[in-house]
1. Looking at the structure I just gave you, is Leu218 modelled with pLDDT of 90 or more, in contact with a Gly (Cβ under 9 Å, 6 or more places away or on another chain) and either buried (at least 21 other Cβ atoms within 10 Å of the Cβ) or hydrophobic (A, V, I, L, M, F, W, C) (or both)?
2. Looking only at region 192-215, how many residues end up being surrounded by fewer than 17 Cβ atoms within 10 Å (Cβ to Cβ), touching a residue at least 24 places away in the same chain (Cβ under 8 Å) and part of a strand (DSSP E or B)?
3. So how many residues does region 169-203 have that are closer than 23 Å to Cys56 by Cα and at pLDDT below 90?
4. Of everything in region 48-71 that's at pLDDT 95 or above and part of a loop (DSSP other than H, G, I, E, B), which residue is most open to solvent (accessible area, probe 1.4 Å)?
5. Examine region 137-155 for a residue that is of a type in the set (D, E, K, R) and open to solvent by less than 40 Å² (accessible area, probe 1.4 Å), and state whether such a residue exists.
6. Out of Arg75, Arg35, report the one residue that is modelled with pLDDT of 90 or more and open to solvent by 90 Å² or more (accessible area, probe 1.4 Å).
7. Go through Val126, Val104 for me and flag whichever is closer than 20 Å to Met229 by Cβ, at pLDDT below 80 and open to solvent by less than 60 Å² (accessible area, probe 1.4 Å).
Amino acid sequence: MEATEGGNNNEKKKKEENAMEEDWVGDGGRRAATRRSGAFFPELCSPAPVQLTVWCKSLLFNGHGYTVYDDADGRMVFRVDNYAHNWRQQAVLMDCAGHVLLTVRRCRKILNLKESWEAYKGDQDVEDMVREQRPLFKATKDLGCHSCTISMFNQDGFQPLLGYRMSWSREKECTKIYQSAANTLVAEVSRKYGSMSKKLLDKDVLTLTVQPGMDQALAMAMIMITNSMG
């Protein structure tokens, strides 16, 4: 009896060790994959597609911004609140608790032929950010073009990571984000349909679908850039 119990315990322990090793390997693989894709927030990279509702309104009265909810459980994921009159020039993306994830700023036009935006991690003074650190990514758009390129940078700010291409159609009211190298669709935003009526909701209610492995904060920041092009 004692030998049997000892064998069962050893077998159980071995299974637990194997499970721990698989979890470690799987999590490490996920972290490595997200680093290669330029993900800044691995915890916001889901192994399955995620559908978010983007309400193009701030929770603050008379404020410009967004409120973003997860369709699966209804919880708030992101928020953007901005009282400034120049809200198209700079905005911060926050989590549900109000912690700033990314600061997005509009750069000066280059000879009026190109427009560009830069994103920095956290909430810092713009002048300090430009002087002390390189952006996490930079979006560049040619004048009159309905697409832009997104260049990603590593933590040192020198070696570019995988880039993205973002295109949109004002007529179809949709924006698509592709990973440039593989031309793979990683996120898409469009007008949202009501769950019961199956009719389009107001223009300020959107659906953002983020594919597995794509950083949801990165995708939302890109949508903020698209909507600031007015």
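The values are calculated or read from the model by the stated rules, or taken from the named source; none is laboratory data. All values derive from a computational prediction rather than experimental measurement. Positions of Cβ are backbone-derived with ideal geometry, glycine not excepted, and every protein chain shown enters the neighbour counts. Areas reflect the complete protein model, heavy atoms only, side chains present, ligands, DNA and RNA absent. Shrake-Rupley method; radii C 1.70, N 1.55, O 1.52, S 1.80 Å.
1. Values: modelled with pLDDT of 90 or more: yes; in contact with a Gly (Cβ under 9 Å, 6 or more places away or on another chain): yes; either buried (at least 21 other Cβ atoms within 10 Å of the Cβ) or hydrophobic (A, V, I, L, M, F, W, C) (or both): yes.
In short, yes.
2. The first filter runs over region 192-215 and keeps only residues surrounded by fewer than 17 Cβ atoms within 10 Å (Cβ to Cβ), leaving 193-205, 212.
Next, from what is left, pick out any that are touching a residue at least 24 places away in the same chain (Cβ under 8 Å): 203-205, 212.
Among the residues that remain, those that are also part of a strand (DSSP E or B) are: 205.
The qualifying residues number 1.
3. Final tally of qualifying residues: 16.
4. So, considering only residues that are at pLDDT 95 or above and part of a loop (DSSP other than H, G, I, E, B), the one most open to solvent (accessible area, probe 1.4 Å) is Pro49.
5. Keep residues of region 137-155 that are of a type in the set (D, E, K, R), which gives 138, 141-142.
Cutting the leftovers down to open to solvent by less than 40 Å² (accessible area, probe 1.4 Å) gives us 141.
Scanning region 137-155 turns up at least one residue that is of a type in the set (D, E, K, R) and open to solvent by less than 40 Å² (accessible area, probe 1.4 Å).
6. Numbers: Arg35 fails: modelled with pLDDT of 90 or more.
Testing whether each residue is modelled with pLDDT of 90 or more and open to solvent by 90 Å² or more (accessible area, probe 1.4 Å) leaves just Arg75.
7. Numbers: Val104 fails: at pLDDT below 80.
Only one candidate qualifies: Val126.
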